[in-house]
Amino acid sequence: MTLVSAYVAESAESPLTLGTIERREPGPHDVQIDIHWSGICHSDIHTARGEWGPAPYPLAVGHEIAGVVTAVGEKVSRHQVGDRVGVGCMVNSCRDCEACQAGFEQHCANGMVGTYGAEDHDGTITQGGYSGSIVVTEDFVLTIPGSLPFEETAPLLCAGITTYSPLKHWGAGPGKKVAVVGMGGLGHMAVKIAHAMGAEVTVLSQTLSKKEDGLRLGASDYRATSDESTFTDLRNQFDLILNTVSASVDLNAFLSMLRFDGALVNVGVPDQPLSIDTGTLFTNRRAMAGSMIGGIAETQEMLDFCAEHSITPEVEIIDASQVNEAWENVLASKVRYRYVIDISTLPEPAEV
């Protein structure tokens, strides 16, 4: 085992503190990565604060990881020392179940292994990207295309694939009208990607405070959901609505905006159950669904798509020491639109 520096949650109530975590030595199929950049996702905060259930403390979170390969196991064939690579929301799965065989490792029947706070196949608890390095089996390491700015790439490993996957699956493209609910870390990526796919994009946000950004990023319309006329004006209009917010919303109001055979897909995770009126759902043969990140092959496809279309998140780079302040800004919706931690600002383990 090797000690590496990390910002760690010691409990659900405590701020993150500088400490160390253990990383295994690379095995035959492992890739060792020197982490350069780590994105901040709202999921990090939910997990560290125990809002999605008890967490295994002490815990380093972070599942938007971009770095450089520093060592590979003897049987690794996909990556080599010096490669720019990424690690997203999962680091292992059974590889044998129907979902894994189909390339949907995130739906592994035996449980995919999350990048942090999960029990890996060797019995250890996974630790995330707010740290100096990570060791991951090669099947869960992504190649970062050379044309993507390195410091802007990390959030693609969560925010990018979380929005790309449902947009692709539900057919966003030319001739389709797509609405994006929320203009945050996920929402702004959904606007960029849906626009690049050729869809006509409308943003549905609580206020018009980010309208200029939404139009600049590819939306052709931007409406305030606090204005009741929005829901009457846009009734029966959309082929696909992607709900990116993690707060409670009136799903029935959004369902009424779907045209015949339209779908409302949820990628945000609110902390309370949401209810629907089946009558609204039945009208126009509307569908409601959820989508969770994407498989490894699809995540690589997303990275290549973003490279082809020059798509990266809007990011704010911060020093590692600013992480607690950044979390508070995320909770207050003050970030536009994704924080990325410069991991080079972490002290060496001997200095911790």
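Rule-based calculations on the coordinates, nothing more; no lab input. Just so it is clear, the structure is predicted and the values come from calculations on it, not from any experiment. Positions of Cβ are backbone-derived with ideal geometry, glycine not excepted, and every protein chain shown enters the neighbour counts.
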remark   = If unit charges are put on Cβ atoms (+1 for Lys and Arg, -1 for Asp and Glu) and the dipole of region 160-290 is taken about its Cα centre, the option from His169, Gln272, Leu215 lying farthest towards the positive end turns out to be His169
key: Anisotropy class of region 160-290 from Cα gyration tensor, a/c 1.5 cut   = rounded
inquiry  = Can you give me the long-range amide H partners of Asn92? Hydrogens built in the peptide plane at 1.01 Å from N, cutoff under 5 Å, separation of 5 or more residues or another chain.
reply    = Val113
message = Helix 159-169 against the longest principal axis of the chain: what's the angle in degrees, Cα atoms only, rounded to the nearest 10?
response = 50 degrees
inquiry  = Let's see if you can work this out: charge +1 on each Lys and Arg Cβ, -1 on each Asp and Glu Cβ, no other charges. What is the dipole magnitude of region 244-352 about its Cα centre, in debye to the nearest 20?
reply    = 740 debye
message = If I fit a long axis through the Cα atoms of helix 185-197 and take the longest principal axis of the Cα atoms of the chain, what angle between them do I get, 0 to 90°, rounded to 10?
response = 70 degrees
request  = Might you report the magnitude of the Cβ-based charge dipole of the chain about its Cα centre, with Lys and Arg at +1 and Asp and Glu at -1, to the nearest 20 debye?
outcome  = 1180 debye
key: About the Cα centre, charge dipole magnitude for region 40-102 (Lys/Arg +1, Asp/Glu -1 at Cβ), debye   = 140 debye
request  = Could you run the Karplus curve 6.51 cos²θ - 1.76 cosθ + 1.60 with θ = phi - 60° over region 63-72 and give me ³J(HN,Hα) per residue in whole Hz, x for Gly and Pro?
outcome  = 10, 10, 10, 10, x, 10, 5, 10, 6, 9
note = Dividing the surface of the Cα convex hull of the chain by four yields a projected area in nm² of 17.0 nm²
query = Whole-Hz Karplus ³J(HN,Hα) for region 249-266, in order, using 6.51 cos²θ - 1.76 cosθ + 1.60 and θ = phi - 60°, x for Gly and Pro?
reply = 9, 7, 4, 5, 5, 6, 4, 5, 7, 7, 7, 4, 6, x, 10, 9, 10, 9
task = Could you list, in their original order, any pairs among Lys211/Lys334; Lys176/Lys210; Lys168/Lys192 whose Cα atoms are separated by more than 20 Å?
result = Lys176/Lys210
request  = Along Cα→Cβ, 7 Å out, is where each label goes; now give me the distance between the ones at Thr207 and Met1 in nm to one decimal.
outcome  = 4.8 nm
key: Total formal charge among the other residues, if their Cβ is under 14 angstrom from that of Ser11, Lys/Arg +1 and Asp/Glu -1   = -2
task = Using θ = phi - 60° and the Karplus relation 6.51 cos²θ - 1.76 cosθ + 1.60, list the HN-Hα couplings for region 114-120 in order, rounded to whole Hz, with x at every Gly or Pro.
result = x, 5, 9, x, 10, 8, 7
